[in-house]
Structures are given as C-alpha cells and as structure tokens.
1. Which members of the range A:154-176 meet the condition of being more than 14 Å from every other protein chain (Cβ to nearest Cβ) and surrounded by 22 or more Cβ atoms within 10 Å (Cβ to Cβ)?
2. Just name the residue that is farthest from A:Asp169 (Cα to Cα) out of those in the range A:79-97 that are more than 7 Å from every other protein chain (Cβ to nearest Cβ) and part of a helix (DSSP H, G or I).
3. Can you pull out every residue in the range B:105-133 that is touching a His at 6+ places or on another chain (Cβ under 8 Å) and either away from chain A (no Cβ under 13 Å) or buried (at least 19 other Cβ atoms within 10 Å of the Cβ) (or both)?
4. Return the residue satisfying two criteria in turn: it lies in the range A:327-337 and is touching a residue at least 40 places away in the same chain (Cβ under 8 Å) and surrounded by fewer than 20 Cβ atoms within 10 Å (Cβ to Cβ), and of such residues it is nearest to A:Phe387 (Cα to Cα).
5. Can you list the helices (runs of 4 or more DSSP H) lying wholly within the range A:246-326 that have 3 or more residues being over 24 Å from A:Arg404 (Cα atoms) and in contact (Cβ under 8 Å) with a residue 40 or more places away in the chain?
6. Give the range A:53-76 a look and list any residue that's over 19 Å from the mean Cα position of the chain (by Cα) and within 7 Å of chain B (Cβ to nearest Cβ), or say none.
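The values are calculated or read from the model by the stated rules, or taken from the named source; none is laboratory data. Note that the structure is predicted; figures quoted are calculated from it, not measured. All Cβ positions, even for glycine, are placed from backbone atoms using ideal geometry, and neighbour counts span all protein chains on display.
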Amino acid sequence: MDAALLLARWQFGIVTVYHWLFVPITLGITWMVAIMETSWVRTKNPVYLRMTKFWGKLMLINFAIGVVTGIVQEFQFGMNWSTYSRFVGDIFGAPLAIEALLAFFIESTFLGLWIFGWKKLSPTVHMLMIWLVAFGTMASAFWILVANSWMQYPVGYVFNPETGRAEMDNFLQIITSKMVWAQFPHTIAVGFATAGAVMLGVAAWHLARKNHLDVMRKSAAFASVALLAGSLGVAFTGHLLGQTMVQVQPMKMAAAEALWNTEQPASFSLFAVGDKKNSRNAVDVVIPRALSLLSCNNLDCEVQGINDLQAEMVAEHGPGDYIPNLFVTYWGFRLMVGSGMLMILIGGLGVWFYLRGKLDEHWWFLKLALWVGIAAAFLGNAMGWIFTEMGRQPWVVYEVLLTRGTNSPTVPAAWVTISLVGLSLLYGLLAIPAVYLFVKFAKAGPGDEEDNADVAASMVY
Amino acid sequence: MDQGILNLETLWFVLIGVLWTGFFFLEGFDFGVGILLPFIGKKDEDRRVMINTIGPTWDGNEVWLLTAGGAMFAAFPEWYATMFSGFYLALLLILFALIVRGVAFEYRSKNPTSEWRTMWDWAIFIGSFLPALLFGVAFGNLVRGLQIDAAGEYVGGFWALLNPYALVMGITSLVLFTLHGSLFLSLKAKGVVYDRAVSVAKPLSIATTVVLALAMIWSYALSEGGAVPGLLPIVAIALLGAVIWLVRSEMFGWAFALTGVTIATVMAAIFIATYPNVMTSTIDPDYSLTVFNASSSAMTLKIMSVVALIFVPIVLGYQTWSYWVFRKRIGREDVTTAAH
C-alpha cells in the first residue's frame, strides 16, 4: 500500500472517530434538554429550569468540538480523496449539501437563539428553539447516513462509462434504501444511549456525594431511562442492521465472526485466534447454531464463510484479496456488542433502582455508572464505526470502487503527514480544555435558584 | 460549442457564487470583528462586548461556507475535487483557523483566568485573520488561472499559490472584511467599543479603497481574451469611495450596507470573469474545468435545484429573524453581570 494512501486512511480514521466522540452526545442530549425545558415551561417547577441550564451548559461545551471537527469531515473528501469524490460526487455530494442546507443552518441558527435568547424570547418560543436544534441534529444524522449507506450498499445509480463515474438514477431509492433505514435508527438510538450514559455518570458523581439531590435524582432517573431505552434500541436495530449486512455485505459479517467456511447451521464465535495463512482459526470457541439464529431468525440457515465469499469475489471482480482486516473486524464487533450489553445492564440497573426509589443508595452502582458506563459508551461508539468502515474494505464503495487509488493523486505523502500530525496534535490539544471545562462545570453542579434569576447572563460568551 | 446561459449548470454556478457571497458578506464581518479584537478590545469586558455582538449568529454565518462546499461537491464534483486537493495545505491552514476560532468563542468566557482568556483571544484573532487573508488568495488564483493538467488536476504545488496577484487579492479580502467588521461594530456596539470602531473605520475605509483599486486594476491587466470582468470592478471601487464619504458623514448603516454590496460586486466580477470556466488552466485552455465538463448529471442538478429553491429562502427567513431578535446594541453592562 503506498504511503500517501495509508496516511490518508489513518487520518480519516482518526478525525472521524474523534468527531464521533462528541456527536452522539449531541444527538441525544439536545432532545433531553428539550424535554427538560418543556417540563419547566409546562410545570414551572424550578428544578427543571436548573436541570435545563446545567445540562444545557454541558451540551454546549460538547457541541462546540462536534461542530468544528465537522468542517474537516466535509472538506477532507475533496482534499484527501479527490478521485473518490470525482467518482461518487454525483450521488454522494447531494446528501452532504442537503445536510448543510437543511440541518446545519437549523442547528447553528437556533442554537444561537437558544443560548442568547433567554430574555429576548418568550419561554415557549425559547423552548421551541432547542426542539428545532434537536430536530436539526437528527436531520444531520439522517443525511450523512444516506451518504454513508450508499457506500455500504450502492443503489439507485448507474455507471456512466463516458464520464467514468457513478451517476444518480433514482434519488428516492437512495434515501429509502434498507441500509439507510437500518443505520439511521441504529445511530439515533446510539445517541440516546450515549447521552444517557454520560448524564447518568455525571449525576452519579453528585449522588455519591449527596450534592444537589433534587436535580440529580431527577436527572439520573431520566438518564437511566434514556440509557436503557436507547441501548435496547441499539441492540434491536443492531440486530436488524446485522441481518441487512448478511444480505448486502456477507463478507463483513463473515469477517466479524471469523467464519472461514460456509456453515449450515452456523455457530456464533465467542473467542477465536485466526490463522490467515491457512484460512482457518487456530482456536475457536463457539455457540452452536447461534449465528444462524442471529442472521436469519432460525436455527438452521446457511451462513456464507470467508473462503467461499473470497472465491466469489475473485470470480466476479478479478484476482485480489477481498478479505477485510479480520483482527479489527472480529474484535471491533465484539467490543461494540460487549459495550452495548454493558450499557443495557447499567441502564437496566438504573431504572430498577429508580423504580424502587434507591437510585442513590448503592455506591457501587454510582461508581459503575460513572466509570464503566461512560467508557463503554465511548468505546462502543468508536468500535461501531471502525467495524463498519474497516469491515467494508478493501472497498470504499462496496463492490463498486476499491479504496486503493481513490486518494488524491496530487497530494503527496509529505502533505498528508503534515495534516495527519497537525490535526492529531490539534485534536489532542483541544481535548484538554474540552474535558477540563466539561469536568469543571459537571462538578460545579447546577446553580441555586438565585443564580437562575439571571439565566441570560450566565449563558452569553 | 455555445451552450448559452439558460441551463442548470449555469444556474448552479450562479448559486455557488451566491453561497460564497453570502458567506463572505456574513462571515466577513465576523472575521473583521475577530481581527479587530486585540485592537479595539483593550479590556476584557470590551472584548466580551465585541464577541457577543456576533455571538448568536457567527456559527450560522459559517454554515454558508459548509453549504458552498457541499454544493460544489454535489453540483461540480470535478471542481470540488481539483480545488480542495489542489489547495490542500492552504485549506488545512483555514481548517486549523476555523477550528480554534469556533472553540474559542464558546470556551473563552467559561473560565475567568486571564491566561485562559488571552489564549482564546489569540485563537480568535489568528482564526479570523488567516481565513480572511487566505480566501482572498484562493479566489485570486481562481481568477488568475492555475496549472491544471490534462487530467484536470492542479499540479502547481503550494508555493505557486502565493503569487503576487493572489496575495494582493488576499490583502484586499483581509482589509475589506476588517472594514466590514468595524462597521458592523459601529451598528451593534455602544460605549467604548463603538467609539473605537468608528475611529478605526475612518482610516480603514481609505486604505481598503486603495488596496481594492490596486487589485481591481491588476485584474484588468490580467484578463486577456475571454475573461473580461466588465465594469463591475470599477463599480466596486466607486462603492468603496462612497463608503469613505458615508463613514465621514457618520452614516454607518449605509456604509455597512455598501461594504456588503462591494463584497457582492467583487464576487460577481470574479464569477462573471471566469465563466464558463470554474478553474482556468494556464497550461492549456483546453484543460480548463468549465461549468459543463465539471458538473454533475442533469438529474442531480435538478434535484438539488428543487431543494435549494425551497430551502434557501427559508434559511434566509429564519436567519434574518435571528438578526432581528438580536438587533439591540451591546455594551459593557450586558456582559458584566455574568459570573462566568
């Protein structure tokens, strides 16, 4: 693999995973803050206003990094992947442009109105602003997933040999593809689960210290419900997404299972050590029939293995290695699913304790929520995207365009080194004030009622 | 081959010009405020006044850039691919600048120590200065032409982008946005910040007119054959001349409006001069990317047209509303009550 390509792939991976540490929190927390503010407007219970302000501030600290790192995401297709951009622009560019026009304008304009509009807008209109932001974040997720889904499962296009590129044939088919409607709900559920995990962790820190019990009990209960419902939603939609993958990208799922040979019925692998040279696993601990059950909801169906799929791809696309990096896909998949299971467990415990009125009584649960819950959420998010994107390799557009050769021919390895090192350093440095401020305001807790008399002033820059 | 101007490709060329113009008009004064931050904002509360004049709206203004970029990708993939990969290091600098600047607005006042705030003030200044300069350099190069090869790739490297003409265009955008920002402050700030903005705007309007005149005259000298920008550059110079008079007469609302019209006029001149090229090749005119050979398929352009014609007016509507909500001037008393 040539150096420029390898460096560009590392850069894409690093900036995307980093961006995605902040975005899922935004996806969920905007809705939660909207619900809190609505509760305040409806009941005038000051606890809800203090919740809105407290979580709103943490939302803004997180939002800022998500926004600025998003600019890199849009620019780097042209900067680093110009050949890819030329090939797919007719299809891939449209959702990106629509995302900016439909979602980014809504998010940025109404967030500005929300931050600065406390005294200038009526409570109801002010509340409406955060609902619009929440809607905007969801619209943003939808359009970027339309773009990504097309790379996973290209539909609604024709290859034009005259222009040498893929061209749009059916826009409706692109936005209604089964991949979009598997990935989009999965991602939204992830947003709620992630925001729930972060909120529960922060609230647990305060509950363990018996701080701000009125605000934090309510917040923890709310966060537990979001975490449990969100992570159950993630599991359910993940199951649907997996079944869709079995149909449209069988190689990714075979790689996720390190399933070398086609099996009927197929076993689910719990722990495997691969032996790529001999196309087999040296060690493999399995649950019989479980993969058949997961793949097609019955205990007997056939699941294709890597060796057969590789042979099929060679027959169709010519000689080459069409197997993704098995270590990354196999373990990425397991870490993703494992993190999700942990989140279900923590959310379930939270809801259980809440229903029994004992949310702040078990110190071990509060520690678990703070340290394990938040870590699992971040790990699951990172692994989910790494698995999805690495599992599609060596293709950038599945079975249409290989990743190799789609980076910018006029951008030498030296330039990519500069941007890779520069962006990584900058992102690393930015994490310091972001985490510092998040922890500072999280620990400070909500102000008392007098502080809240001047909501407007405490929100301006 | 004459394709006329009544076609989707030309419509999208115009729309992308409109999006860039919207970005420069709106983010132009945000950049200007950021550039003037260390000069006008001598005290912390004055800097807070300045930042809060653009606080509610700067992010929405920046989305014009993202929309312009996305629209280039969707409507002219070849233009997007060649320009973004060709201007790689310059765009990387712009990205660094926009990243630190955006975070700085949100973070600077969330901690009271002066080291913290000074650090973010630098981020705002550099993060505003660099893009204000570099976007002008980029458009200067689009006017001047670039080393585009037979494959439609830019092969001139980084240093060739920093040619004298492009640099003059960069300085032009830098001073023009700074002037635009000082006039914005004259409309939005009160007290000390207002006074200083007004006193900066007076000499700045003269300097900007001189620099713009130089850049425009140079543009005429560049344009051989097809690329004739017509009378628009002269109109732009005349408009800025009027701004000098308006500033002296303390008619700041009109002065701000006319710097905005100047930005739009220069952008129109650039887009008209290069049309139908989107990136002119200095190697061989046949290698130039044009609105026709760089565009998306008719279907994509049609779908994007429908989306744009519905949503651009809606966006303009609610952005205008947000400016109306925050129409009041801001002074020290608006920021000093805040604990953090």
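1. Within the range A:154-176, just A:Pro154 meets the criteria.
2. To start, the set of residues in the range A:79-97 that are more than 7 Å from every other protein chain (Cβ to nearest Cβ) comprises A:80-81, A:83-84, A:87-88, A:91-92, A:95.
Going one step further and asking which of them are part of a helix (DSSP H, G or I), we end up with A:80, A:83-84, A:87-88, A:91-92, A:95.
Details: A:Asn80: 27, A:Thr83: 21, A:Tyr84: 19, A:Phe87: 15, A:Val88: 13, A:Ile91: 9, A:Phe92: 13, A:Pro95: 15 Å.
For the range A:79-97, the residue satisfying everything is A:Asn80.
3. Residues of the range B:105-133 that are touching a His at 6+ places or on another chain (Cβ under 8 Å), as a first pass: B:109-112.
Hits for the range B:105-133 are B:Ser109, B:Lys110.
4. Taking the range A:327-337 and keeping what is touching a residue at least 40 places away in the same chain (Cβ under 8 Å), we get A:327-330, A:332-333, A:335-337.
Those left that are additionally surrounded by fewer than 20 Cβ atoms within 10 Å (Cβ to Cβ): A:327-328, A:335, A:337.
Values: A:Phe327: 10, A:Val328: 7, A:Leu335: 10, A:Val337: 11 Å.
Only one residue tops the list, namely A:Val328.
5. Details: elements: A:250-257, A:290-296, A:306-317.
Here the list reads A:290-296.
6. Within the range A:53-76, just A:Phe75 meets the criteria.
Matching residues to (1) without any contact (Cβ under 8 Å) to a residue 40 or more places away in the chain; (2) closer than 27 Å to A:Leu49 by Cα; (3) in a loop (DSSP other than H, G, I, E, B):
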| position | (1), (2), (3) |
| --- | --- |
| A:Lys119 | no, yes, yes |
| A:Thr124 | no, yes, no |
| A:Ala134 | no, yes, no |
| A:Ala139 | no, yes, no |
| A:Trp181 | yes, no, no |
| A:Phe184 | no, no, no |
| A:Ala189 | no, yes, no |
| A:Ala195 | no, yes, no |
| A:Ala204 | no, yes, no |
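Let's see how each residue does on (1) within 14 Å of chain A (Cβ to nearest Cβ); (2) at pLDDT below 95; (3) over 23 Å from the mean Cα position of the chain (by Cα):
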position	(1), (2), (3)
B:Val261	no, no, no
B:Ala273	no, yes, no
B:Ser322	yes, no, no
B:Arg327	yes, yes, no
